Each structure stands twice: as C-alpha cells, then as structure tokens.
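Read the structure below first, then the notes.
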C-alpha cells in the first residue's frame, strides 16, 4: 500500500478526501474525537454524532504531540489517546439536513505522510463533485486541488514549506458558498494563493483576498469528509451557521485571537487586532494589502477598509489661490465616522498636522484650507479612527 496520496477531499456527493456537508440549524456542530470507541474498533459501521464512517480504518490507541503554532493548535488541548488510523480510504457521510449558500468550516488534525508516487487521486476516483482536496507530495510539500481562474482543475503548490513525516498538523477548510470559494489554513495560518491573489477573478467578490481558492464543484453544500491513503486523523469538527451571511461566523477558533496578553499585531505603526486579521484571511506577517491598492495592511485597518476591497483614500488634486489650497478627495471611499487630517511639509520629511476634516466634509469631495506659509510644498492625508 502506498504511504499517502492525499490529505482529504471536500465533495458534494460523498467522494472526497476531506469532505463535509452543510447543516441545517444555526451553529450546528459535528465533532468526532475517536475517544469514545474502544481501541481497535473497526471504523465501518461506527455511528457518530453526525453520520456514519465507512471504509478501511481502525480507531486505535495513540498519543501524539501536535505542531505548536502561535495561533490555535491543536484544536483540542486535552490529552489525545485514540486516533483513526486510515488504511486506504475512509468516508464520513454527513446525515444532517443540508442548507445551501451558507458558510461552513471543517477542521481536522492530520498526521503527515508522503506518497510513494507523485501526488494524484487513486485510479477510478470521481472528481466531478470534489470541491477541494489537499495532499502532501513526495517531497513533503503541500498541494491543493482546485480550479484556477481559467476554470481548469489541477494540483497547485502551496509554497515551499516541508513537513516532518509523522508530525501532526491542524488543517482547516472554510467554505464561502456565496462566492464559491474555499480558504485553507494549516496550523491556523491561511495558505495564500500564488502571488497573493485569488485563483479566480475578483469580479463581484467583495471582501475576498489572496487566501481564497475557487471551488472545483458548482454545488453549494458538502456531504462527506473523506481521507485517502495511509495516515491518521483526529478531532474532526464540522460547523455551519445556517443564519449566517458572512464566513466570519464560522472561521476556525484560534486560541490567541481572543485570549492572552497580546491581542494585536503592529503593522505599519498600527496596533491591528488579531481577530481582524483572521477575518481578513491574511497571515500575521502580511504587510501589503493584496488588492493592488498600494496600501499597507495597517493603513487598510486604520482607514476602515477590507484588505482586498481595492479602496484607497488620498488627495486627488490640489489647486492654489494665494495661500488658499482647495483639496479634492475620492468621496466614494470615505468611511462615515472617520476623521481625516491633512498634514503639511516643506521638505517631504518633517510633517505637521494642519487641518482636521470630518467624514461629512470629506464626503463633500473637497476642502479648502489656508496654508498660511508659502514655504509649504507638500500635503498628505491620514486617517484617525
């Protein structure tokens, strides 16, 4: 038997590596820790809280240490004594009522194993309903199977990170069905797409950024979680909020985003909340907004923008009449409730705050100020929350 082909698939039909099914009630949760069955109990026919496992695998006694990251691994900090050892293929079919167009998250702990051959689906695997799949290749790098912006499904590398064979990592999938996208996190950090941009075009996708992959299936709900290969899994968690309008309600729970002493990360001189970073789907080391606006992540936060909304705010033009300067703004990008300050400089290095502009004034599209000093040659705009 080959050591490992794929982490998991998400499907709408029940053929997938990891797959999950949307649930009907608000904040429904399906979880399976494998601590209840006796060790050495075959998976086939074992009934769980959300459905039934089928395939080839054994609930076996095992202890492990998960990869420790700063942002919320493992899923459950309690002692692990049992896991599901996969021997070929196991499928968890979700039997609860499904709800379309509602966001969902699937969380799993997965043990790293590598395939004997290049990463590929086993012969005969039906891929038409696979929404997304993740696997480890022969060089221990992670790859994702999804569609690109040309609507072609293939395996795509998720960077150059290599994983220690036998180590445990948390893998999380968040599905935004309203936009047919999926985000994948490893040990809490979102995996960015190539060059930090979407694999699909950004038309009508407000608020999305470079950590969201296009779903390979057109369906709007999941039905199963499947693991293929020879590996072990633990702590399966599937949740959906049937009343939700945003994926924020089902994002993976990350330990230090809501607790601990350090609740913010300093970016661009701004103390940016970790919870906001998680909602934006960027890593904590991302400093430049992935939308081509030229703004930094800290500047986006200060301005009240999403990191990928394409918005920027600044001085569009300035005209002079004596010492009077009339400055125009892009009123469409003004955020109500924010205050803007025009700063002046004579040398573009030392700046002084000159005039405060309310959001109401900025919405008017222009502001006339008296510079009062012919030496002033530079103006810039900053935002105060």
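The values are calculated or read from the model by the stated rules, or taken from the named source; none is laboratory data. Note that the structure is a prediction, hence the values are computed from the model and not measured. All Cβ positions, even for glycine, are placed from backbone atoms using ideal geometry, and neighbour counts span all protein chains on display.
Of everything in the range 256-282 that is without any contact (Cβ under 8 Å) to a residue 24 or more places away in the chain and in a helix (DSSP H, G or I), the residue that is surrounded by the fewest Cβ atoms within 10 Å (Cβ to Cβ) is 258.
Identify, from the list 350, 312, 336, 285, the residue that is touching a helix residue (DSSP H, G or I) at 6+ places or on another chain (Cβ under 9 Å), surrounded by fewer than 14 Cβ atoms within 10 Å (Cβ to Cβ) and in a loop (DSSP other than H, G, I, E, B).
336
Among the conditions (1) surrounded by fewer than 23 Cβ atoms within 10 Å (Cβ to Cβ); (2) at pLDDT 85 or above; (3) under 30 Å from residue 35 (Cα atoms), residue 221 misses just one, which is (2).
Residue-by-condition table, conditions (1) buried (at least 21 other Cβ atoms within 10 Å of the Cβ); (2) more than 19 Å from the chain's Cα centre (by Cα); (3) in contact (Cβ under 8 Å) with a residue 60 or more places away in the chain:
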residue: 146; (1), (2), (3): yes, no, yes
residue: 153; (1), (2), (3): no, yes, yes
residue: 164; (1), (2), (3): no, yes, no
residue: 174; (1), (2), (3): yes, no, yes
residue: 180; (1), (2), (3): no, no, no
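Looking for whichever is modelled with pLDDT under 80, over 23 Å from residue 164 (Cα atoms), over 23 Å from the mean Cα position of the chain (by Cα) and part of a loop (DSSP other than H, G, I, E, B) here; the options are 100, 93, 125. Which one fits?
Exactly one residue qualifies, and that residue is 125.
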